[in-house]
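Inspection log for the structure reproduced underneath, given as structure tokens.
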Amino acid sequence: MPSTSLTHTELAAIIRYAHDKHTGQKYGNRAYTAHLQEVAEQALKLRAHVSDFDELTVRATAWLHDVLEDTTATYAELVELAGTEIADAVQVLTKQVGAAPLVDAHQLK
């Protein structure tokens, strides 16, 4: 699978988008974006085992991983913002009602 070549500027725009979409949301008693940052850090550990994705693609996907599930964001918006590959990855990570998570991030080392 070819990887998307994001620039640091595009990644910054994706992070701003995630911040904007999750404005006012909490993850426990913290801002939701703290959770997104933690997921991005964990995803980089996973990247060591999945070499098809470059670091910026992994970071972008991690920052967007809950945006379809928890906000008004749409798949089409993600395609426009980040491209089909990242939008597809986010869609795969989006929890379906009643489904178990695909990966337990706490088990990544």
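Worth a mention:
- Every test in (1) touching a strand residue (DSSP E or B) at 6+ places or on another chain (Cβ under 9 Å); (2) of a type in the set (Gly, Ala, Ser); (3) modelled with pLDDT of 95 or more is passed by ALA34 save one, and that test is (3).
- The set of residues in the stretch 48-76 being surrounded by fewer than 17 Cβ atoms within 10 Å (Cβ to Cβ) and assigned to a helix (DSSP H, G or I) consists of GLU55, GLU69, ASP70, TYR75, ALA76.
- Of all residues in the stretch 1-31, those satisfying the criterion of being assigned to a helix (DSSP H, G or I) and touching a residue at least 24 places away in the same chain (Cβ under 8 Å) are HIS8, GLU10, LEU11, ALA13, ILE14, ILE15, TYR17, ALA18, LYS21.
- Of all residues in the stretch 64-96 being out of contact with any helix residue (DSSP H, G or I) (no Cβ under 8 Å at 6 or more places or on another chain) and either among the polar types (S, T, N, Q) or on the phi > 0 side of the Ramachandran plot (or both), the one that is modelled with the lowest pLDDT: GLN96
The values are calculated or read from the model by the stated rules, or taken from the named source; none is laboratory data. This structure is a prediction, so every number in the text was calculated from the model and none was measured. Counting neighbours? That spans all protein chains shown, and the Cβs are built from the backbone with ideal geometry, glycine included.
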